[in-house]
Amino acid sequence: TGKIHHVFKGSEHGCTEGPHIYKRNGWYYLLVAEGGTGYEHCVTLSRSKNITGPYELHPQNPIITAKYSADNYLQKTGHGDLVETTGGETYACFLSTRPLTRLGRSITGRESSIEKMQWRDDGWLTWKAVEMFRGSLWMHRTCRITYLTHRSQDWSSMMKASISISSLYVCR
């Protein structure tokens, strides 16, 4: 045990939960779910040079959401995590739903989605093809990925576990 640090109060989207911390190029990145689990659901990102903060918000938060586009096929996008391929590509895995009824009900429940991301020159993460947001977020090809997770004693280490994305993709 040690001293308690309140590192992040959340953004204007509210209902902050599900934090993930990654270290990359001297920055600590804090990825969180916000906005609740309904149509306001989103993923936001912040960063700091110190693991205990203060964290600055991504200038284009939320980095993943469907809340501004009611006609998107996938809705309620949030609760994300990052993976990196052995070739250095970055993907965001996140939850989504497909409202299939006139009333907007998602009878298939919450589903997993994946989208290719890229690190900009300024050190912020963004969608690889942000202009294609209205298109399908599903990725159908197979690639090898590595989870970006951290051991509790060593925040800069990455625990590697390769899996095939096609083994996670299930059509309903």
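Rule-based calculations on the coordinates, nothing more; no lab input. Everything numeric in this text was worked out from a predicted model, so none of it was measured. Every residue, glycine among them, receives a Cβ derived from its backbone with ideal geometry; neighbour counts consider all protein chains shown.
With only the Cα atoms considered, region 1-116 has a convex hull volume of 135 Å³ per residue. For the pair LYS9 and GLU56 in one chain, pulling the backbone fully straight at 0.36 nm per residue adds 15.8 nm over the alpha carbon distance. Looking at region 21-61, the trypsin sites (Lys or Arg not before Pro) that sit in a DSSP loop and have at most 15 other Cβ atoms within 10 Å of their own Cβ are LYS49.
When you filter the chymotrypsin sites (Phe, Trp or Tyr not before Pro) in region 49-106 for DSSP loop state and at most 10 other Cβ atoms inside 10 Å of their Cβ, you are left with TYR68.
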